Amino acid sequence: MDYPQGQDINDLATLQLTYDRLLQQTQHQASFLGTASHELRSPINQIISLHQLILEDLCESPAEEREFIAQANQAIQTVLKNLDLLITLSKLDMGSLQPRLSPTALEPLLTHVQRLVEMQCINRYCRLSLGPVEAALDVQTDPTWLEQLLVMLIEAALAQGSAQISLTVTDGAIDDAPEPANPAEVTLHLESTPGDAPSPAVAVLSPEFRYQLAARMATHLGVTLTPLGPKAAPHRHLCLGLPRATP
């Protein structure tokens with residue numbers, strides 16, 4: 001950690017600033033861990049409930065028992081997937097894992113993201129549209145992690161019942177942005193329409209926690225993630241500032 005530099009290590013103002021920063025980081029980590037524990041508890045409780053129904057012979061038929069086993073297995077896979085993500089993010093936070101940043105063509109990356117979530121969108125009756133992207137537009141990023149970041153944000157919008165999601169790229173200024181556009185960044189807009197959140201058969205991560213995970217991931221990629229939606233639903237319009245690849 002880079003400690004604030006003062007004229008003297010015993011400078012009380014410098015020590016107080018260092019203490020305040022450490023305290024803020026500790027409180028943030030504690031809050032995040034509490035939320036993560038709650039998010040993981042939901043599918044685990046669902047697994048326990050499904051197994052309890054089976055063990056107590058409360059299933060009406062062998063077909064229903066097989067359905068419960070399938071749901072429990074899906075919930076287990078969800079827990080493992082989320083644990084892997086949390087472990088990877090903790091490694092990024094500690095510095096034991098570093099993103100492999102390199103010049104990456106944005107157009108094929110966004111096309112691949114569209115394909116990754118295509119079936120989810122179809123199943124949720126959601127239309128995902130991708131605006132035109134210049135073929136020569138490159139960003140400095142880890143393509144695997146950026147794809148996962150975008151998929152996570154799209155899945156969060158789907159979990160909120162969005163009927164339409166759009167991805168557009170622009171280099172111009174953003175009307176609603178608090179600051180002018182950065183010429184060293186490529187701006188990616190992710191917008192979604194409001195809708196009724198569905199009730200999934202298997203407990204999944206809440207949209208709010210997905211946004212928290214995405215924000216942590218964005219930091220390590222050098223991506224600025226700014227909510228520009230209305231006050232009641234700020235994540236309806238997300239602005240991602242992607243570092244432009246230098247020649």
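FYI, it's all coordinate maths here, none of it is from the lab. Small disclaimer: the values here were computed from a predicted structure and weren't measured. FYI the Cβ positions are ideal-geometry reconstructions off the backbone, even for glycines, and counts take in every protein chain you see.
The angle separating the long axis of helix 207-221 from the principal Cα axis of greatest extent in the chain is about 40 degrees. With both labels modelled 7 Å from their Cα along Cα-to-Cβ, the ILE44 to LEU12 distance reads 4.5 nm. Exposure proxy shown here: for VAL139, VAL169, the number of other Cβ atoms within 10 Å sets the order, fewest to most, as VAL169, VAL139. Computed from the Cβ-Cβ distance with R0 of 30 Å, the FRET efficiency linking GLU118 to ILE87 stands at 0.60.
Which peptide among 88-99, 211-222 comes first, and what is the full order, when sorted by highest mean count of other Cβ atoms within 10 Å?
211-222, 88-99
Database remark: amide H of ASP142 closer than 5 angstrom to the amide H of SER102 (H placed geometrically; neighbours at sequence offset of 5 or more, or on other chains; Pro and chain starts carry no H). Across the range 102-243, Cα-Cα distances exceeding 24 Å account for 26% of all pairs.
Taking the Cβ of each residue in VAL117, VAL186 as the centre, tally the other Cβ atoms inside 10 Å and list the residues starting with the fewest. Working shown, then result.
Working: VAL117 19, VAL186 24.
Sorted ascending by nearby Cβ count, the order is VAL117, VAL186.
Rounded to the nearest 20 debye, the dipole size of the chain about its Cα centre is 100 debye, using +1 on the Cβ of Lys and Arg and -1 on the Cβ of Asp and Glu.
Near VAL186, the amide H atoms lying under 5 Å from its own belong to LEU242, ARG244; only residues 5 or more places off or on other chains count, and H is placed 1.01 Å from N. Put in order of Cβ neighbour count within 10 Å, fewest first, the listed residues ARG236, ARG210 become ARG236, ARG210.
Just to confirm a number: summing +1 for Lys and Arg and -1 for Asp and Glu over residues other than GLN114 whose beta-carbon lies under 12 angstrom from that of GLN114, what do you get? Write down the numbers at each step before the final one.
Numbers: positive: ARG115, ARG127; negative: GLU107, GLU118, GLU147.
It works out to a net charge of -1.
Close amide H contacts of GLN164 (hydrogens built in the peptide plane, cut-off under 5 Å, sequence separation of 5 or more or a different chain): ARG127, THR193. Please express the shape of the chain as an equivalent ellipsoid: the semi-axes are the square roots of 5 times the eigenvalues of the C-alpha gyration tensor, given largest first in whole angstrom. The three semi-axes for the chain are 36, 27, 16 Å.
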